[in-house]
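Following: one structure in structure tokens, then a few remarks.
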2 protein chains.
Amino acid sequence: MSTPRYATIKEALRSQISQGILSPGDRVSSENQLAAEFSVSRMTARRALLELAEDGVVLRSQGLGSFVADNRPISSITQIRDIAEEIAQRGHQHSCHVLQQIETSADSTNALQLGLKPGERLFYSEIVHMEDGVPIQHETRRVNPRMAPDYLAQDFATNTPSAYLSAVAPLTEAEQSVEATLADADNAATLGTEKNSACLKITRRTFSERGVVSLAVLIHPGDRYRLGSHINY
Amino acid sequence: MSTPRYATIKEALRSQISQGILSPGDRVSSENQLAAEFSVSRMTARRALLELAEDGVVLRSQGLGSFVADNRPISSITQIRDIAEEIAQRGHQHSCHVLQQIETSADSTNALQLGLKPGERLFYSEIVHMEDGVPIQHETRRVNPRMAPDYLAQDFATNTPSAYLSAVAPLTEAEQSVEATLADADNAATLGTEKNSACLKITRRTFSERGVVSLAVLIHPGDRYRLGSHINY
DNA sequence: AAGTGGTCTAGACCACTTG
DNA sequence: AAGTGGTCTAGACCACTTG
């Protein structure tokens, strides 16, 4: 399976931007020009530009052309931080229990989310993170083996899954949702809370350049954890 | 300028989903089927499905088909949006009950947070927001009278507090925290949920150029609301 | 008038999943 | 074998912006 042509065009433009050949505000080649340069149909060149626009790399305007966008600053709110780092920054002690670290197979839902085939193998880990000895996060994570083949050999007591994955498959994108749930018996036992107490559940899908890296579900006791953000306009 | 055909197809599918004709997990018509049904080329039907997938409305899988995604509302953590707008954008109907809209005085905590002196007057409102008649947010808000002197004269049934405040004191900054709590008897009654069900609680302080504008506490039923974000690096 | 992006067609071949 | 989505072509007409 070779790289699609629209992807080649995207890559070429991205690299021109990161090398400074194209700067924010510069006009990039038009659909017709790209079609000619890369010997593809206009629809294929168009797709490359459309996807770059979706990713916020270019801005497009009918009649005018496509232009390199400003490099968006990363807002501190949305930053994904390693929990061990976060705890260390508060001046507290991080520790954890690795409950599971195994190979298993993808059910149809996990397969869809991770970009695997149903039944294909995946790595699974389950860890409880503690701050000064008090459990604050129950992490369950499903990992795409193609992105991190040595996942099962890691010692997560010294280096968290998040830290390890960031090193082997640098984060390019993340999708997350936050919801409130009740602790089931399992959550209650691992987190040392009451059953049916309020929990904050974060579901996070992380992407690297080559695709989906992992799918993490993070459960926090509602009375010991909050998410904060500061937004500037 | 007429509506593009792919937009018509998207709208038709969205409406089937919101009417319950299609439920999460259901398979939607294939590209070829939609092309035939709507008398368009496959590329046009395809575009409709692709955009719905981008919006998180459907999940697509080669060889399998396209499936309706989990349709629980997901709203952005990183952006503060008026709930009425948010609901309208999902194609649903917003309505609300104004429970209270009064002048009261600041206790020491509120005073500190709003930059007032203890005992100084402040405005207080309490509203339940509904999406298609179903309660999804219980909003309690304390407002700095200096920033919005006419707050008590507003009709929040037609213009939400958030929309009104944005107009009179444009948002320059916001601080928020997200946590999980259990519904108390009052929450349960106003939101129509069980007591001790999981709730998402957002505490938000908004700032304008001249200082703190308001302090809002937003309670959402955990099973009807999610927060989401998409991060690009 | 010439160029840009926006929409659309009617085909094609492919990889993938299921019966 | 039949159906699905993924990629791609070579055209077309359109609305929009600029010289």
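Every read-out reported here was derived from the displayed coordinates using simple, explicitly stated rules and does not represent laboratory data. Not measured: the values here are computed from a predicted model. In this analysis, Cβ positions are derived from the backbone assuming ideal geometry, glycine residues included, and neighbour counts consider all displayed protein chains.
Once phi is turned into θ = phi - 60°, what whole-Hz ³J(HN,Hα) does the Karplus curve with 6.51, -1.76 and 1.60 give for every residue of region A:206-217, x standing for Gly and Pro?
These are the phi-based 3J(HN,Hα) values: 10, 10, 10, 4, 8, x, 5, 9, 7, 10, 10, 10 Hz.
Once R0 is set to 30 Å, what does the formula 1/(1 + (r/R0)^6) return for the Cβ-Cβ distance between residue B:88 and residue B:172, expressed as a FRET efficiency to the nearest 0.05?
Computed FRET efficiency for residue B:88 and residue B:172 comes out at 0.75.
Would you kindly derive the ³J(HN,Hα) couplings of region A:5-16 from the backbone phi angles with the Karplus curve 6.51 cos²θ - 1.76 cosθ + 1.60 (θ = phi - 60°), listing them in order in whole Hz, with x for Gly and Pro?
5, 5, 5, 4, 5, 4, 4, 4, 5, 4, 6, 4
Given H placed on each backbone N at 1.01 Å, which residues far from residue B:173 in sequence or on other chains put an amide H within less than 5 Å of it?
A:233, B:207
Going by a ≥ b ≥ c, the root eigenvalues of the Cα gyration tensor, does chain B fall in the rounded group (a/c under 1.5), the prolate group (a/b larger than b/c) or the oblate group?
prolate
Residue B:125: net charge of surrounding residues, Cβ under 10 Å, Lys/Arg +1, Asp/Glu -1, itself excluded?
Once positives and negatives cancel, what remains is 0.
Apply the Karplus parameterisation 6.51 cos²θ - 1.76 cosθ + 1.60, with θ equal to phi minus 60°, to every residue of region B:104-120 and state each ³J(HN,Hα) to the nearest whole Hz, in sequence, with x for glycine and proline.
9, 10, 6, 7, 5, 5, 4, 4, 4, 5, 9, x, 10, 8, x, x, 5
Under the rule of -39500 (n - 2.57) per DSSP H run of 4 or more residues, summed and divided by the residues of chain B, what mean residue ellipticity at 222 nm is obtained, to the nearest 500 deg cm²/dmol?
About -7500 deg cm²/dmol.
Relative to the compact-globule scaling 2.2 N^0.38 Å, provide the ratio for the alpha-carbon radius of gyration of the protein assembly as shown.
Dividing the Cα Rg of the protein assembly as shown by 2.2 N^0.38 Å gives 1.07.
In square nanometres, what is the average projected area of the Cα convex hull of region B:5-68?
In nm², the orientation-averaged hull projection of region B:5-68 is 3.8.
In which sequence would A:66, A:105 go, from the one with the fewest C-beta neighbours within 10 Å to the one with the most?
A:105, A:66
Report the number of Lys pairs in the protein assembly as shown whose alpha-carbons are under 24 Å apart, with separation of 8 or more residues or on distinct chains.
4
For residue A:105, list long-range residues whose amide hydrogen, built 1.01 Å from N in the peptide plane, is under 5 Å from its own amide hydrogen.
Distant-sequence amide H within range of residue A:105: A:122.
Between region A:154-233 and region A:98-124, what is the C-alpha centre distance in whole Å?
17 Å
Among A:101, A:19, A:137, determine the one that fluctuates most according to a GNM of chain A built with springs between C-alpha atoms less than 10 Å apart.
A:19
What longest range of chain A stays clear of loop-exposed trypsin sites (Lys or Arg not before Pro) (DSSP non-H/G/I/E/B, at most 15 other C-beta within 10 angstrom)?
The longest uninterrupted stretch comes out as A:91-194.
Mind telling me which of A:33, A:100, A:154 comes out most flexible in a GNM of chain A, alpha-carbon contacts under 10 Å?
The residue with the greatest mean-square fluctuation here is A:33.
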